[in-house]
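Here is the structure we will look at, set down as structure tokens.
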Amino acid sequence: MTSPAFEVRSPRYADRVRDSFALQGAMQTLGARLARIKPGAVDIEFDWAASLTQQHGFLHAGMVATALDSACGYAGFTLMGDDASVLTIEFKINLLAPAQGERFRMEGRVLKPGRTITVTEGRAYALSAQGDKLVATMGCTLMAVTGRDNIRG
């Protein structure tokens, strides 16, 4: 997926994403890492692990949704100001194929940034020697949160 040029409100956007990502226990559980951070675009990757699967050995849909939500959220966060934090307020996921691969890449892209509400889309890929396979898509709506001491980053 390609991303249009967006206005960056924080010159520290990449560091802010890295710092926030490091605080996410869920991403640590997945063994996830940031593979790309650009204005309006974040990719998260992680390896297949038996502890992340459902009964047929495919990556569990909940794991796909969790990582895709984070990719979308951080894509939106790249365009928010230093005083803002990000929270997901809605998402819809389409599971297109069993998530079977050696690794996984979750791509989050901003469709429409806003002062308070940002709309993003995500794509999940299963990666293997046979190539990349699209396994899920997501539409995600985010809210920029400011002035809340208990919500930062």
P4 versus (1) at pLDDT 95 or above; (2) in contact with a strand residue (DSSP E or B) (Cβ under 9 Å, 6 or more places away or on another chain); (3) of a type outside the set (D, E, K, R); (4) open to solvent by 60 Å² or more (accessible area, probe 1.4 Å): which is the lone unmet condition?
(1)
State the number of residues belonging to segment 31-52 that are under 19 Å from L134 (Cβ atoms), in a strand (DSSP E or B) and not basic (K, R).
8
Among the residues of segment 36-74, which ones are among the acidic types (D, E) and closer than 15 Å to R123 by Cβ?
D43, E45, D69
I'm told Y13 meets every condition in (1) surrounded by 13 or more Cβ atoms within 10 Å (Cβ to Cβ); (2) out of contact with any helix residue (DSSP H, G or I) (no Cβ under 8 Å at 6 or more places or on another chain); (3) farther than 21 Å from M138 by Cα except one. Can you identify the failing condition by its number?
(2)
Taking the stated definitions as given, is F104 within 25 Å of F6 (Cβ to Cβ), crowded, with 17+ Cβ neighbours inside 10 Å and of a type in the set (A, V, I, L, M, F, W, C)?
no
Within the bounds of segment 116-126, is there any residue that is touching a residue at least 60 places away in the same chain (Cβ under 8 Å), touching a Cys at 6+ places or on another chain (Cβ under 9 Å) and open to solvent by 40 Å² or more (accessible area, probe 1.4 Å)?
yes
Being over 15 Å from the mean Cα position of the chain (by Cα), in contact (Cβ under 8 Å) with a residue 12 or more places away in the chain and open to solvent by less than 50 Å² (accessible area, probe 1.4 Å) narrows it down to one residue among A71, A67, A61, A49; which is it?
A49
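The values are calculated or read from the model by the stated rules, or taken from the named source; none is laboratory data. Quick caveat, the model's predicted, so the values are computed rather than measured. For neighbour counting, all protein chains shown are included, and Cβ atoms are generated from backbone atoms with ideal geometry for every residue, glycine included. Note: areas computed on protein heavy atoms with side chains; ligands, DNA, RNA excluded. Shrake-Rupley method; radii C 1.70, N 1.55, O 1.52, S 1.80 Å.
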